[in-house]
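Here is the structure we will look at.
Read the figures in this text as sums done on the coordinates, not as results from a lab. This structure is a prediction, so every number in the text was calculated from the model and none was measured. Backbone-built Cβ (ideal geometry, glycine too); neighbour counts: all protein chains shown.
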Amino acid sequence: MSEALAASPAPAADLSAAGASGARQFWRRLRAQRAALVAAAVVALLVLVALAAPLLTAIEGQDPTTYHPSLVDSARGGVPVGPLGGIGADHWLGVEPQTGRDLFARLVYGARVSLGVAIAATLVQVLIAVVVGVSAALGNRWVDQVLSRMTEIIVALPLMIMSLALLAIVPGSFPRPVLVALVIGLIAWGTLAKIVRAQTLTLKQLDYVAAARLSGWGTWRIARRDLLPGLAAPLITYSALLVPMNIGVEAALSFLGVGVKPPTPSWGQMLTAADVWYQAAPQYLLLPAGALFVTVLALTVLGDGVRTALDPRAASRLRVGTGRRGEARADAGTAAGTDPLRPGTPADGTKEATA
């Protein structure tokens with residue numbers, strides 16, 4: 001028995017084949033969800049626009065910081081001159097009230113800031129959560145107690161209030177997008193750390209981890225070789241949902257005046273300046289608000305699709321269906337003595353004899 005438990009892990013070729021098979025199953029389940037595919041296409045387009053912002057603004061012939069006083073009517077308080085906020089061949093989405101800065105350039109550069117801050121904050125959260133969660137699960141009782149209590153304190157802290165306090169006391173010379181990403185990441189990792197700890201405690205009970213321990217592997221080698229691959233699915237799932245949450249936090253902080261500072265464009269900052277122009281220049285409010293809404297919605301739908309694709313039980317529920325029709329199918333399969341998830345297979349799991 002002990003020799004079987006202490007057997008060496010599976011060959012690398014077998015592990016690679018299993019990983020490839022799991023990846024194929026994941027993509028197959030993800031492709032079966034049309035909403036997730038559309039959301040993935042929208043997210044990819046937004047990322048492409050953010051990365052290509054310098055090229056796009058160069059094609060338009062504008063930049064996000066140049067003032068155009070001649071394009072606003074000072075007699076009317078700075079309202080853009082021309083129809084629809086000054087939309088034309090030179091300014092594809094019009095200009096900003098009072099300053100005349102190009103709205104298209106500020107919108108695409110704002111995408112770089114908003115998405116960059118959200119993704120960087122998510123990476124910080126994941127890194128801290130993995131270190132704290134795995135250490136708590138693998139450490140002794142005292143280490144677990146200390147890290148668990150610290151995690152609960154972090155979870156209980158009000159994110160917006162702590163972020164406002166930290167951002168208000170940091171000198172203005174520090175790069176603001178980097179600071180916002182660090183503040184969000186350093187405050188909002190508690191919930192993910194609790195998920196990592198719980199998942200690690202579950203993985204510790206599996207046979208292959210016990211075999212690795214009996215074979216003489218150290219704790220951190222087991223964590224690196226056996227536990228971290230098992231944590232990939234919940235980490236990817238929760239991270240996909242953290243990105244839209246962090247975009248909303250960054251926009252809220254910029255709206256409150258402690259986030260990204262002018263002249264650096266940000267969607268939240270544009271919303272802050274647009275709150276008094278929704279009647280005179282509605283596009284100045286609608287464009288960043290619409291971009292923020294579409295981005296958060298697409299990332300949320302994509303995150304939910306990734307969660308479903310990584311969870312075989314959720315995928316099974318999708319195949320069977322929900323509601324009355326799904327229940328009818330399950331009841332019909334049970335009455336016929338077959339498994340509703342695998343037509344033609346008896347419900348007891350045995351294979352039917354073939355003539």
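Would you mind computing, in nm to one decimal, how far apart the modelled labels at residue 26 and residue 140 are, each placed 7 Å from Cα along Cα→Cβ?
3.7 nm
Before anything else, pin down the relative contact order of region 99-195: Cα pairs under 8 Å, at least 6 apart, normalised by residue count, whole percent.
For region 99-195, the relative contact order is 45 percent.
Place +1 on the Cβ of every Lys and Arg and -1 on the Cβ of every Asp and Glu in region 110-316, take the dipole about the Cα centre, and give the residue among 111, 135, 162 whose Cα lies farthest towards its positive end.
Selected residue: 135.
Only sites in a loop by DSSP and with at most 12 other Cβ atoms within 10 Å count here; which trypsin sites (Lys or Arg not before Pro) in region 212-242 make the cut?
In loop regions of region 212-242 (DSSP not H, G, I, E or B), there are no sparsely surrounded trypsin sites (Lys or Arg not before Pro).
Quick check: pseudo-label points 7 Å beyond the Cα along Cα→Cβ at residue 256 and residue 232, how many nm apart are they?
Roughly 3.8 nm, to one decimal.
Can you give the relative contact order of region 110-316 as a percent, counting alpha carbon pairs under 8 Å and 6+ residues apart?
26 percent.
Considering only DSSP states other than H, G, I, E and B, which chymotrypsin sites (Phe, Trp or Tyr not before Pro) in region 195-230 qualify as loop sites with at most 15 other Cβ atoms within 10 Å? Kindly include the intermediate steps, with their values, before the conclusion.
On the way: sites: 208, 217, 220; in loops: 217.
Sparse-neighbourhood loop chymotrypsin sites (Phe, Trp or Tyr not before Pro): none present.
May I ask for the percentage of alpha-carbon pairs in region 183-247 that lie more than 20 Å from each other?
Tail of the P(r) past 20 Å holds 37 percent of the pairs.
List the residues whose amide H sits under 5 Å from the amide H of residue 78, counting only those 5 or more places along or on another chain, with H placed 1.01 Å from N in the peptide plane.
73
Toward the positive end of the charge dipole of region 110-316, about the Cα centre and with charges on Cβ (Lys, Arg +1; Asp, Glu -1), which of 223, 189, 273 goes farthest?
223
What spacing in nm lies between the two simple spin-label points modelled at residue 204 and residue 276, each 7 Å away from Cα in the Cβ direction?
Once both label points are built, they end up 5.8 nm from each other.
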